1. What do you get for the angle between helix 213-224 and the principal long axis of the chain? Use alpha-carbon atoms, 0 to 90 degrees, nearest ten.
2. If r is the Cβ-Cβ distance from R149 to A98 and R0 is 22 Å, what FRET efficiency results, to the nearest 0.05?
3. Bin all alpha-carbon pair distances of the chain at 10 Å intervals from 0 and give each bin's fraction as a whole percent.
4. Could you work out the helix-only [θ] at 222 nm for the chain, with each DSSP H run of four or more residues adding -39,500 (n - 2.57) and the total divided by the number of residues, to the nearest 500 deg cm²/dmol?
5. Using the Kirkwood radius over C-alpha pairs as Rh, can you work out the diffusion coefficient of the range 151-216 via Stokes-Einstein at 25 °C, viscosity 0.890 mPa s, in µm² per second?
6. In nm, what is the difference between 0.36 nm times the number of residues separating E28 and L82 and their Cα-Cα distance?
7. Loop only by DSSP, 10 or fewer other Cβ within 10 Å of the Cβ. Give me the chymotrypsin sites (Phe, Trp or Tyr not before Pro) in the range 128-178 that pass, ordered by residue number.
8. Taking θ as phi - 60°, what are the ³J(HN,Hα) couplings along the range 86-94 by the Karplus curve (6.51, -1.76, 1.60), each to the nearest whole Hz, with x for Gly and Pro?
Amino acid sequence: MSRSQRLLDLVQVLRRHRRPVSGRRLAEETGISIRTLYRDIATLQGQGAPIEGEPGLGYVLHPGFMLPPLMFTEDEIEALVLGSRWVADRADERLGAAARDAMAKIAAVLPADLRERAEASALLVGPGAAISEGRIDLGLIRKAIRSERKLAILYRNGKEARSERVIWPFALSFFEHVRIVVAWCELRQGFRHFRADRIAELTALEMRYPRRRLALLKEWRESEGIPPPE
């Protein structure tokens, strides 16, 4: 176990105890020696952790304390690396660049040992089939989703038939080969799924749609029999 992981585990154990807990018990719960525990507590206190107590009296961590450089476990770091690599490789160009920038910011504040693990992660994203990009900027769709605004689109179906729609976009789904806009369609008066590469034209409207995005998402999940995320 790395030192950073050990300090994070100690913070997590202290958070579980609202009252002072003895050093001996903390050492048992974290699986370290009492001497190492005292050194780790001194290290955390030196980094600003509001830990009160002393040997023989017990220790308590005041609520609300966060250690940004120690927020992630090694498994969490690997999950972030793998996720950012997938987005950088399989999402649109703007979102891919954002994923790389976000991972760089995270790596910059990690302790040296965790930063080295992140940079040397052996979790790789395998090659996939080319994704049809289409003509429209997915960034505009994501912006409309965030701001809960309507979109006017010119859409062509699989038979190349075109139709003009006003939609309420509330989700964007990334599949292996296509991106799907999930929306309420004013023309069909129901939920519809639009392939992003089949949207020929797109105009962001100033009008907000009359329902909240989360409410639409919940109703759509129920209609599709999709369980809510855990």
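Read-outs throughout are calculated quantities, based only on the coordinates presented, and are distinct from any laboratory measurement. Everything quoted here is computed from the prediction, not taken from an experiment. Reconstructed Cβ throughout: ideal geometry from the backbone, glycine too, with neighbour counts over all protein chains shown.
1. 80 degrees
2. Efficiency, rounded to the nearest 0.05: 0.60.
3. Per 10 Å bin, starting at 0, the Cα pair percentages come out as 7, 24, 21, 18, 16, 10, 4, 0.
4. -13500 deg cm²/dmol
5. 199 µm²/s
6. Stretched out fully, the E28 to L82 stretch lengthens by 16.1 nm.
7. F175
8. Listing the rounded values in order: 5, 4, 4, 8, 10, 8, 6, 4, 5 Hz.
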